[in-house]
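*Asks:* Let me give you the structure first, and then I'll get to my questions.
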Amino acid sequence: MIRIKEIKLPLDCSQEDLKAACVKILRCKDSDIKSVEVVKKAVDSRNKDNVFFVFNADVTMTDGEERFVKASRYKNLEITEPYVYVSPPVRRTSALRPVVAGFGPAGFFAALILARADLKPIVLERGEDVDTRTRQVRDFWLNHNLNTESNVQFGEGGAGTFSDGKLTTGIKDGLCRKVIDELIEHGAPEEIGYSATPHIGTDRLGGVVKKFREEIISLGGEVLFGTRLTDLIIANKSIQGVSYITRDGKRSDMECDTLLLCIGHSARDTVEMLYSRGLNIVQKPFSMGVRIEHPRQVIDRAQYGSFASHPALGAAVYKMACHPEHGRGAYTFCMCPGGTVVAAPSEENRMCVNGMSEYARDGENSNSAILVGIEPPDFGSSHPLAGIDLQRKTEEKAFVLGGGSYAAPCQLVGDFLNGEKSKKLGSVKATCPTGVTPGDIRECLPKKITDTIADAVVRMGRMLKGFDMPQAVLTAPEARSSSPVRILRSDILQSNIRGIYPCGEGAGYAGGIVSAAVDGIKCAHAVLTDENDDMW
Ligand SMILES: Cc1cc2nc3c(=O)[nH]c(=O)nc-3n(C[C@H](O)[C@H](O)[C@H](O)COP(=O)(O)OP(=O)(O)OC[C@H]3O[C@@H](n4cnc5c(N)ncnc54)[C@H](O)[C@@H]3O)c2cc1C
């Protein structure tokens, strides 16, 4: 195949236009080209008077690809080979079925790989299946009945199920392609395979995860919902079994010699248990901040100028960061174009927020987090779990500041920058489903964070017109951007207890859906290859 990069075409271009561009670049006849496949599609909106698409395409010729590459004067092209995923050989000999705790992206990708290798994994998931969970989350948003076992953080699909389902990632790993291909194979929209800002949307994610579950079960695996890992049975520095509790309160033990811990960044009770059982856990830097909301039109116009309403564009995205000379940096995170702020707690009397969008991204507002890095010295103690304490304290203050019924504290940008309490909202409607309470968000977040955010909002307002508009709404706190702990693991991905594989975001090895899924695949590969180590 010939990969042609940076093909510039107008917003209303067609597949025929793309082929014609390839014919022109390769100086060949139309009939010489067997197929043209889009492998990347991005928007170039640097010049607001001329917004266009940029494509990378893989072209399969009927014959003589080398010859056409040599003859072309176009610089951005190369011969390329399609990505091929290779599963490692299965050297594992144990007859015991591996146990996977958690059915988020790390867990369901790990379980899929183990199931396809005929290991019949048993998945323990404390939350409920996605349909039940969706009802429970809607009940919480509507009636403020928080289910601490099945909510925005816990349940089938993991933390990312009520999200924009953005699939962008900072990691460069061939397995990212595998993740995207599997998501498409299980029902995700095709364009995630080539869009520069791929997303699935919360309304489609549930269906995709269900298909993973169905395949795992069809291969002899089991997925036990409403089932929480509560303890470990350890002997001679090796896992011998796990204890778990089901939704009806029944406690049981299960023999196992392999446990993949895919528990996510919010399983604080489970991390406390792991720590008490002697797993090596250390503090890990994470970030905290707020969500900022603007009318979607303001962001679309700032990014696309007069092209903002072009049907081929959809809601605009942004990604900004600022690193002031003196002081901490801040960055926008998990942007939800045409989306809403979500109430995302998992513990009683603690409040935190996050964001989500539907596939169409056609909501009235657009929002993102503005986050500031938190380092171990900020945790206030050297205890490995001190970061969790800091999150909890922040969320407790927010719960009280919001009025004590899971409404979120909020503030207008104008008031925030003037150091004034907000008494009421303005033209921008706040979308947090449990409601908001105007006030002063400085009362629930560390000063280092709010000072940095105040500086950042102004700087980002210079980068993106309208970002610092006084009517924009800040909702707090975004406290769970990633895990505040890391569960140590060796090169063969096992903890200091043999047979336990710390995996995904909760263990401190991923941030986001794709990188968690990649880590899940890697841990499953490690189980298949069953390498040994002399550390035990
Ligand atoms: C609202 C929201 C929106 C997000 N939006 C995006 C986005 O658009 N794009 C993106 O890349 N990332 C997004 N993220 C982050 C992303 O969801 C996570 O990075 C990713 O899900 C981490 O995957 P994981 O499998 O490691 O953990 P998780 O997805 O957190 O899954 C862990 C699972 O383990 C279960 N569990 C925990 N403890 C136990 C136990 N003791 N026993 C049994 N089961 C247990 C939990 O119930 C949970 O289902 C979002 C997160 C949230 C909360």
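*Asks:* For the structure I just gave you, tell me whether Pro345 is more than 26 Å from Arg486 (Cα to Cα) and either of a type outside the set (A, V, I, L, M, F, W, C) or part of a strand (DSSP E or B) (or both).
*Replies:* Numbers: more than 26 Å from Arg486 (Cα to Cα): no; either of a type outside the set (A, V, I, L, M, F, W, C) or part of a strand (DSSP E or B) (or both): yes.
Answer is no for this residue.
*Asks:* Report, by residue number, each residue of segment 302-342 that is farther than 21 Å from Glu364 by Cα, outside any strand (DSSP E or B) and in contact with a helix residue (DSSP H, G or I) (Cβ under 9 Å, 6 or more places away or on another chain).
*Replies:* Applying the first criterion (farther than 21 Å from Glu364 by Cα) to segment 302-342 yields 320-331.
Adding the requirement that they be outside any strand (DSSP E or B) leaves 320, 323-329.
Listed by number, the residues that qualify are Met320, Pro324, Gly327, Arg328, Gly329.
*Asks:* Next question, about the same structure. If you go through segment 354-366 one residue at a time, do you hit one that is within 14 Å of the ligand (Cβ to nearest atom), of a type in the set (Asp, Glu) and touching a helix residue (DSSP H, G or I) at 6+ places or on another chain (Cβ under 7 Å)?
*Replies:* To start, the set of residues in segment 354-366 that are within 14 Å of the ligand (Cβ to nearest atom) comprises 354-359, 361, 366.
Those still in the list that are of a type in the set (Asp, Glu) too: 358.
Still in the running and touching a helix residue (DSSP H, G or I) at 6+ places or on another chain (Cβ under 7 Å): 358.
Checked segment 354-366: at least one residue is within 14 Å of the ligand (Cβ to nearest atom), of a type in the set (Asp, Glu) and touching a helix residue (DSSP H, G or I) at 6+ places or on another chain (Cβ under 7 Å).
*Asks:* Enumerate the pairs (first residue in segment 440-462 and of a type in the set (Val, Ile, Thr); second residue anywhere and open to solvent by 60 Å² or more (accessible area, probe 1.4 Å)) with beta-carbon separation below 6 Å, excluding pairs fewer than 6 apart on the same chain, so at least 6 apart or on different chains.
*Replies:* Short answer, once both residue conditions are applied: Thr450/Arg442; Thr452/Arg328.
*Asks:* Filter segment 224-242 for residues that are within 31 Å of the chain's Cα centre (by Cα) and either within 17 Å of Ser495 (Cβ to Cβ) or open to solvent by less than 20 Å² (accessible area, probe 1.4 Å) (or both) and give the result. Talk me through it step by step, then tell me what you get.
*Replies:* The first filter runs over segment 224-242 and keeps only residues within 31 Å of the chain's Cα centre (by Cα), leaving 224-232, 239, 241-242.
Correct list: Gly226, Thr227, Leu229, Asp231, Leu232, Ile239, Gly241, Val242.
*Asks:* OK, next. Based on what the data block shows, is Leu417 open to solvent by less than 10 Å² (accessible area, probe 1.4 Å) and under 18 Å from Thr332 (Cβ atoms)? Steps first, please.
*Replies:* Numbers: open to solvent by less than 10 Å² (accessible area, probe 1.4 Å): no; under 18 Å from Thr332 (Cβ atoms): yes.
Answer is no for this residue.
*Asks:* Within segment 137-160, how many residues turn out to be under 30 Å from Val86 (Cβ atoms) and not in a loop (DSSP other than H, G, I, E, B)?
*Replies:* Keep residues of segment 137-160 that are under 30 Å from Val86 (Cβ atoms), which gives 156-160.
Applying the additional criterion that residues be not in a loop (DSSP other than H, G, I, E, B) yields 158-160.
Total satisfying the criteria: 3.
*Asks:* Now, a different point. If you scan segment 182-204, which residues turn out to be in a helix (DSSP H, G or I) and either at pLDDT 95 or above or in contact with a Pro (Cβ under 9 Å, 6 or more places away or on another chain) (or both)?
*Replies:* Result: Glu182, Leu183, Ile184, Glu185, Glu190, Glu191, Ile192, Gly193, Arg204.
*Asks:* Would you please name the residue that is farthest from the ligand (Cβ to nearest atom), looking only at residues in segment 142-165 that are farther than 16 Å from Gly226 by Cβ and surrounded by fewer than 19 Cβ atoms within 10 Å (Cβ to Cβ)?
*Replies:* Only one residue tops the list, namely Asn143.
*Asks:* I've got another one for you. Which residue, of Arg133, Arg126, Arg116, is within 12 Å of the ligand (Cβ to nearest atom), assigned by TED's automatic domain parsing to the domain that holds Leu528, in contact (Cβ under 8 Å) with a residue 12 or more places away in the chain and open to solvent by 20 Å² or more (accessible area, probe 1.4 Å)?
*Replies:* Numbers: Arg133 fails: open to solvent by 20 Å² or more (accessible area, probe 1.4 Å); Arg116 fails: within 12 Å of the ligand (Cβ to nearest atom).
Only one candidate qualifies: Arg126.
*Asks:* Would segment 237-251 turn up any residue that is in contact with a Leu (Cβ under 9 Å, 6 or more places away or on another chain), touching a residue at least 24 places away in the same chain (Cβ under 8 Å), within 12 Å of the ligand (Cβ to nearest atom) and not aliphatic (A, V, I, L, M)?
*Replies:* yes
*Asks:* Consider Ser195 carefully, then state whether it is among the polar types (S, T, N, Q) and more than 20 Å from Ser357 (Cα to Cα). Steps first, answer last, please.
*Replies:* Details: among the polar types (S, T, N, Q): yes; more than 20 Å from Ser357 (Cα to Cα): no.
Judged against the criteria, Ser195 is not a match.
*Asks:* Just to check your reading of the model, which residue among Lys75, Lys48, Lys120 is of a type in the set (Lys, Arg) and closer than 25 Å to Glu185 by Cβ? If you could, list the steps in order and put the result at the bottom.
*Replies:* Working: Lys75 fails: closer than 25 Å to Glu185 by Cβ; Lys48 fails: closer than 25 Å to Glu185 by Cβ.
Exactly one residue qualifies, and that residue is Lys120.
*Asks:* While we're here: What number goes with the only condition from (1) open to solvent by 70 Å² or more (accessible area, probe 1.4 Å); (2) in contact (Cβ under 8 Å) with a residue 24 or more places away in the chain; (3) hydrophobic (A, V, I, L, M, F, W, C) that Cys22 does not pass?
*Replies:* (1)
*Asks:* Quick check on Phe53: is it within 30 Å of Ala302 (Cα to Cα) and of a type outside the set (Lys, Arg)?
*Replies:* On the way: within 30 Å of Ala302 (Cα to Cα): yes; of a type outside the set (Lys, Arg): yes.
The answer is yes for Phe53.
*Asks:* Taking segment 206-235 as the region of interest, how many residues are outside any strand (DSSP E or B) and in contact (Cβ under 8 Å) with a residue 12 or more places away in the chain? Before you say what the answer is, go through the steps one by one.
*Replies:* To start, the set of residues in segment 206-235 that are outside any strand (DSSP E or B) comprises 206-221, 226.
Imposing the further condition that a residue be in contact (Cβ under 8 Å) with a residue 12 or more places away in the chain reduces the set to 206-213, 215-216, 219-221, 226.
Adding up the residues that qualify gives 14.
*Asks:* Is it the case that Met273 is open to solvent by 10 Å² or more (accessible area, probe 1.4 Å) and not aromatic (Phe, Trp, Tyr)?
*Replies:* Values: open to solvent by 10 Å² or more (accessible area, probe 1.4 Å): yes; not aromatic (Phe, Trp, Tyr): yes.
The answer is yes for Met273.
Residue by residue, here is whether (1) open to solvent by 10 Å² or more (accessible area, probe 1.4 Å); (2) at positive phi; (3) among the charged types (D, E, K, R) holds:
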{"site": "Lys70", "(1), (2), (3)": "yes, no, yes"}
{"site": "Leu77", "(1), (2), (3)": "yes, no, no"}
{"site": "Tyr83", "(1), (2), (3)": "yes, no, no"}
{"site": "Val86", "(1), (2), (3)": "yes, no, no"}
{"site": "Ala95", "(1), (2), (3)": "yes, no, no"}
{"site": "Pro98", "(1), (2), (3)": "no, no, no"}
{"site": "Gly107", "(1), (2), (3)": "no, no, no"}
{"site": "Ala110", "(1), (2), (3)": "no, no, no"}
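*Asks:* Scan segment 353-407 for residues that are hydroxyl-bearing (Ser, Thr, Tyr) and surrounded by fewer than 20 Cβ atoms within 10 Å (Cβ to Cβ) and jot them down.
*Replies:* Of segment 353-407, the ones hydroxyl-bearing (Ser, Thr, Tyr) are 357, 359, 366, 368, 381-382, 394, 405-406.
Residues satisfying the conditions are Tyr359, Ser381, Ser382, Ser405.
*Asks:* Can you tell me how many residues within segment 89-113 are more than 8 Å from the ligand (Cβ to nearest atom), in a strand (DSSP E or B) and touching a helix residue (DSSP H, G or I) at 6+ places or on another chain (Cβ under 9 Å)?
*Replies:* 1
The values are calculated or read from the model by the stated rules, or taken from the named source; none is laboratory data. No experiment lies behind these values; they were computed from the predicted model shown. Virtual Cβ from ideal backbone geometry, glycine too; neighbours counted across all protein chains shown. SASA here: full protein model, heavy atoms, side chains in, ligands and nucleic acids out. Shrake-Rupley method; radii C 1.70, N 1.55, O 1.52, S 1.80 Å.
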